[in-house]
Amino acid sequence: MTLLISGWVALDDLETPFERVERVLGGPASYAALAASLFTDVRVLAGVGDDFPAAFRDRLDRPNVDLAGLTTHPGETSRWGARYGYDMNSRETLFTVVGVNETWAPALPPGWEDSTTVFLAAAHPVVQREIIASLPKARASLVDTILFYIESALADVRKTMSIATFATVNESEARMISGVASITRASRKLIADGAQRLIVKLGEYGAAYTSGSDYFIVPGFPLEEIADPTGAGDTFGGAFMAYLDTAPDLSDAEIRKAMVYGSAVASYCVEGIGTSRLETLTRAEVEDRYRAFRRLTHFEVPD
């Protein structure tokens, strides 16, 4: 079983009320790969510039993470900067440098076409569909999107959502695509319009899952301190798909478990700045928080 993760590996500048860092390891593929490696074998498909630090590659290079698809190209590694206030559900994007991703085109290394699942972080929806088509043995795929493509290529976004097994959007994106204010109604409408299964990311409040047969909400874990919310959504996606990569089937019960595992790992991510907490996280810690989720959400109805 192997999860292929495609997306940006980047260098981030991050500022919170508590800390400021520059040129730290970032990008959706980095967060997703570190999270997914806690559950299954991972393949990373991404491009970086010749300025990408070797030490950062080493931090991604784990025994069950294949970096043959992390290729170096002449030019600058993609960069992103953001500032958070005390309300960490919102942020100010300071800059985005596309770098080598302006021309980089994903190409599967030999043998990677047998990947069993795939998580496609935000990219052009046509590229996402091409990668899905190149993986005939994949039993499940998840695609993420961003506002830029919703505004510039909405028809392609919708088409890709209908092809992928799962699609993730945040609250504002769900409302924008559906034209409906209520998240529940927006999710139902997107399913009716062609999406197979939809996950709406709700920030610190968790995530909502919708399919033709099920509706499920996993809360955010109640943390007393949050260091940095960057990458939490990609961490969720990586852990969610990695658990499903090992699951016996894609039943509603297994998907619900994957949602809780995704939220559990994401809750650890925000405890450190950048990828720092994910780099030290263990599966035993994840299982502890998974059990804590079960205790927090369990209730019995008297006869």
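For the reader, a short list of remarks on this structure follows.
- Residues satisfying the stated conditions in segment 108-130, i.e. of a type in the set (Gly, Ala, Ser) and touching a helix residue (DSSP H, G or I) at 6+ places or on another chain (Cβ under 7 Å): Ala121, Ala122
- Checklist (1) buried (at least 18 other Cβ atoms within 10 Å of the Cβ); (2) touching a Phe, Trp or Tyr at 6+ places or on another chain (Cβ under 8 Å) applied to Val97, failing item: (1)
- Top-ranked residue of segment 30-59 - restricted to ones that are in contact (Cβ under 8 Å) with a residue 24 or more places away in the chain and among the charged types (D, E, K, R), ranked as surrounded by the most Cβ atoms within 10 Å (Cβ to Cβ): Arg43
- Some residue of segment 205-223 being in contact with a Pro (Cβ under 8 Å, 6 or more places away or on another chain), at pLDDT below 95 and in a helix (DSSP H, G or I): yes
- Of all residues in segment 225-237, one or more are closer than 30 Å to Pro17 by Cα and loosely packed, with under 15 Cβ neighbours inside 10 Å.
So that you can scan it fast, the table gives a plain yes or no per residue for (1) under 22 Å from Cys269 (Cα atoms); (2) hydrophobic (A, V, I, L, M, F, W, C):
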{"residue": "Ala36", "(1), (2)": "yes, yes"}
{"residue": "Gly85", "(1), (2)": "yes, no"}
{"residue": "Val100", "(1), (2)": "no, yes"}
{"residue": "Pro110", "(1), (2)": "no, no"}
{"residue": "Phe119", "(1), (2)": "yes, yes"}
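- The residue that is nearest to Ala232 (Cα to Cα), among those in segment 60-94 that are surrounded by 18 or more Cβ atoms within 10 Å (Cβ to Cβ) and of a type in the set (Asp, Glu), is Asp66.
- Those residues of segment 47-68 which are more than 16 Å from Trp80 (Cα to Cα) and small (Gly, Ala, Ser), in sequence order: Ala54, Ala55, Ala68
- Taken over segment 227-285, the criterion of being under 19 Å from Asp214 (Cα atoms) and part of a loop (DSSP other than H, G, I, E, B) is satisfied by Ala247, Pro248, Asp249, Leu250, Ser251.
So that you can scan it fast, the table gives a plain yes or no per residue for (1) farther than 24 Å from Asn89 by Cα; (2) over 20 Å from the mean Cα position of the chain (by Cα); (3) of a type in the set (Val, Ile, Thr); (4) surrounded by fewer than 20 Cβ atoms within 10 Å (Cβ to Cβ):
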position: Ile199; (1), (2), (3), (4): no, no, yes, no
position: Val218; (1), (2), (3), (4): no, no, yes, no
position: Phe240; (1), (2), (3), (4): no, no, no, no
position: Leu250; (1), (2), (3), (4): yes, no, no, yes
position: Val270; (1), (2), (3), (4): no, no, yes, no
position: Tyr290; (1), (2), (3), (4): no, no, no, yes
position: Thr297; (1), (2), (3), (4): no, yes, yes, yes
position: Glu300; (1), (2), (3), (4): yes, yes, no, yes
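- Residues of segment 220-255 that are within 16 Å of Thr116 (Cβ to Cβ), among the charged types (D, E, K, R) and touching a residue at least 12 places away in the same chain (Cβ under 8 Å): Asp245 alone.
- Counting only strands (runs of 3 or more DSSP E) wholly contained in segment 1-107, the ones carrying 1 or more residues that are at pLDDT 95 or above and more than 24 Å from Asp144 (Cα to Cα) occupy 10-15, 20-26, 70-73.
- From Asp50, Asp41, Asp66, residue being more than 26 Å from Thr246 (Cβ to Cβ) and not basic (Lys, Arg): Asp50
- Hey, Glu287 modelled with pLDDT under 95 and among the charged types (D, E, K, R) or not: no
- Pair list, Cβ < 7 Å and 6+ apart or interchain, from segment 156-180 residues that are farther than 24 Å from Thr116 by Cα to residues that are part of a helix (DSSP H, G or I) and of a type in the set (Ser, Thr, Tyr): Ala174/Ser187
- Pairing each residue of segment 87-114 that is within 13 Å of Val9 (Cα to Cα) with any residue that is in a helix (DSSP H, G or I) and at pLDDT below 90, provided the two are 6+ apart or on different chains, yields no C-beta distance under 7 Å.
The values are calculated or read from the model by the stated rules, or taken from the named source; none is laboratory data. Note that the structure is a prediction, hence the values are computed from the model and not measured. For neighbour counting, all protein chains shown are included, and Cβ atoms are generated from backbone atoms with ideal geometry for every residue, glycine included.
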